Amino acid sequence: MCGIFAIFSRDGEPIPTQILHGSKHSLRELAYRQSGKHRHRGPDSTGVYVNSLEGVAMIHERLRIIGVEMGDQPFVSEDGNLILVANGEIYNYLELSAEIAKKRGSYNPMSDCHVILELYQDYGKDLLQYITGMFAFALYDRKTKEVLLARDPFGIIPMYVGEDASGNLWVASEMKCLVDTCSKVETFTPGEARFGKVGDFKTCWQFQQSWIKEVPTQTCELSLLRANLEFAVRSHLQCDVQMGALLSGGVDSSLIASIATKIMRERDPNFRLKTFSVGLRDAPDFQAARSVAKYIDSDHKEIIFEIDEALDGIRDIIYHLETYDVTTVRCSLPMLLLARYIKSTGIKMILSGEGADEIFGGYLYFHKAPSYNDFHEELVKRVRQLHLSDCLRANKVAMAKGVELRVPFLDTGFVNHVMQIRPEDKIPGPLNKFGEVQQKRLEKYVLRAAFADNYLPDEVLWRQKEQFSDGVGYDWIDSIRRVATSHVSDQEFSAAALRFPFNTPTTKEAFYYRCIFAEQFPGESAARTVVRWVPRLDWGCPEDPSGRAQAVHQVNKN
């Protein structure tokens, strides 16, 4: 996991000296300065490639996870014609390396992402059909002056593109690198690749699956579901550094920690996974996390925070997140404190449970789904917007402290398997909406049932969904809402629609976050990269994203 940055001249000609903040900058100086705004993503090394005559600069901020000694980027092909900066992990790189070795006679990858360079030499822009993982990359072909940009199917890895006043293309892992130089900024679409010369890009690959447009009819086989998740976790364990796992006490992170422990003990029976949870002193999640830690015999650490300590970081977290979405800001402040502690222990990679709620229908408002079709369509919407909420939060908060976060539930193969399961097997609630009474089921019932045999304590396996911002302590949401609201007068809020005609804030809390965002990321194009996370109001759900706002929520006491 790293940070990537690139500038590509519109016409393949040199880019003149730039004036930025009153100072002259060469292309190299400009690129290095702007990439420095997300250098926290790559604390281990900074690699620079500049071709001033062709107007190309490519920078890689590296966090060394795989190929620690050999994997520094940018990667350059042996003939010097291909240059690559890539961020993420290619989980099938060993299989791909074996295939490349057969063709080349021998091949030792410098790191997992190095296979992208080799695959381009064999397949050109069609290489995307061969790789599996979480990724965002920019590849420059000097012979043709063409650029290939790509992002993984669900946007686990962030990437933004911008255009300056001269029409030059800018690419970065984080928007903060672009907003003061580009008049246009946009989120690069997940599950897409674009190829061509600057100014003449064409989409050359899109992630397509039948479940995106059709309601599936496949019944759920619990044994197959279990095997697919175990395979996904296994693929996510490859790394050359210390690893750990987040353990909130919810079923998602608990299952990932349990499965990872079982797999690692195949190699070392004495292995103990390092697990971490965060919360206020009376957090509902702590008791459940302790129960799981004892059950799987992990080396567990609780990070207890004070409300004021987290509130101090509101401006910082909006800067790191690059969003003003209320639920994302609420969730991220405790997680930032947790990431800082994890980094201090020397751990560079952590596993987490993000994605399960989107593919299984785990949010409490899914109890309000009016039909099977509506339920599935909402799942598809949530999956396609992961890059704007959960993936954005998980990646940017962890990387703010130089920690890579992996999400096995969003393994491409596993998502495809789960999203092909018919909605009647996944929908929660006491009734289906066709008037037939069914046994009352918790959200994510099939996931829980698939792992009912010796994976987790029953009190955790069958525990109701508790959203992270609630689970760290019920006082947290109440406090951050109260403090944010106190910063906004009635007069200021009455002019919200005039000041922010796009995504107009509907609460004082939202208005406060939006004001901070506008200060840090000025311009309408930056504001338009944000989509607010709210439950389905047309299903009769309250607008507040907290799970406690849903009628089905049950109070979990520590």
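The values are calculated or read from the model by the stated rules, or taken from the named source; none is laboratory data. This is a predicted model, so every value here is computed, not measured. When we count neighbours, we look across all protein chains shown, and the Cβ atoms used for this are built from the backbone with ideal geometry, even at glycine. Remember, those area values only see protein heavy atoms, side chains included, never the ligands or the DNA or RNA. Shrake-Rupley method; radii C 1.70, N 1.55, O 1.52, S 1.80 Å.
Structure data summary
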quantity: Residue identified as in contact with a Gly (Cβ under 7 Å, 6 or more places away or on another chain) and among the basic types (K, R) among K184, K197, K176; calculated: K184
quantity: Matching residues in region 168-181 - criterion: being open to solvent by 10 Å² or more (accessible area, probe 1.4 Å) and of a type outside the set (A, V, I, L, M); calculated: N168, D180, T181
quantity: Criterion (hydrophobic (A, V, I, L, M, F, W, C), in contact with a His (Cβ under 6 Å, 6 or more places away or on another chain) and part of a loop (DSSP other than H, G, I, E, B)) met by exactly one of V215, V198; calculated: V215
quantity: Any hit, region 460-476, residues being in a loop (DSSP other than H, G, I, E, B) and at pLDDT 85 or above; calculated: yes
quantity: Any hit, region 286-296, residues being hydroxyl-bearing (S, T, Y), surrounded by 24 or more Cβ atoms within 10 Å (Cβ to Cβ) and touching a residue at least 12 places away in the same chain (Cβ under 8 Å); calculated: no
quantity: Unique match (being loosely packed, with under 15 Cβ neighbours inside 10 Å, at pLDDT 95 or above and of a type in the set (V, I, T)) among T275, T217; calculated: T217
quantity: Among the candidates E54, E13, residue that is assigned to a loop (DSSP other than H, G, I, E, B), in contact with a Lys or Arg (Cβ under 8 Å, 6 or more places away or on another chain) and farther than 13 Å from C177 by Cβ; calculated: E54
quantity: Test: residue in region 345-365 that is out of contact with any Phe, Trp or Tyr (no Cβ under 9 Å at 6 or more places or on another chain), part of a helix (DSSP H, G or I) and either hydroxyl-bearing (S, T, Y) or surrounded by fewer than 24 Cβ atoms within 10 Å (Cβ to Cβ) (or both); calculated: no
quantity: Subset of region 101-156 (residues that are in a strand (DSSP E or B), within 21 Å of the chain's Cα centre (by Cα) and farther than 22 Å from Q385 by Cα); calculated: A138
quantity: Which listed residue is at pLDDT 95 or above, farther than 22 Å from L364 by Cβ and buried (at least 22 other Cβ atoms within 10 Å of the Cβ), from A526, A518; calculated: A526
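Listed here are the residues, each with its yes/no results for (1) under 13 Å from K444 (Cα atoms); (2) part of a loop (DSSP other than H, G, I, E, B); (3) in contact (Cβ under 8 Å) with a residue 24 or more places away in the chain; (4) within 12 Å of the chain's Cα centre (by Cα).
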{"residue": "P370", "(1), (2), (3), (4)": "no, yes, yes, no"}
{"residue": "N373", "(1), (2), (3), (4)": "no, no, yes, no"}
{"residue": "L379", "(1), (2), (3), (4)": "yes, no, yes, no"}
{"residue": "H387", "(1), (2), (3), (4)": "no, no, yes, yes"}
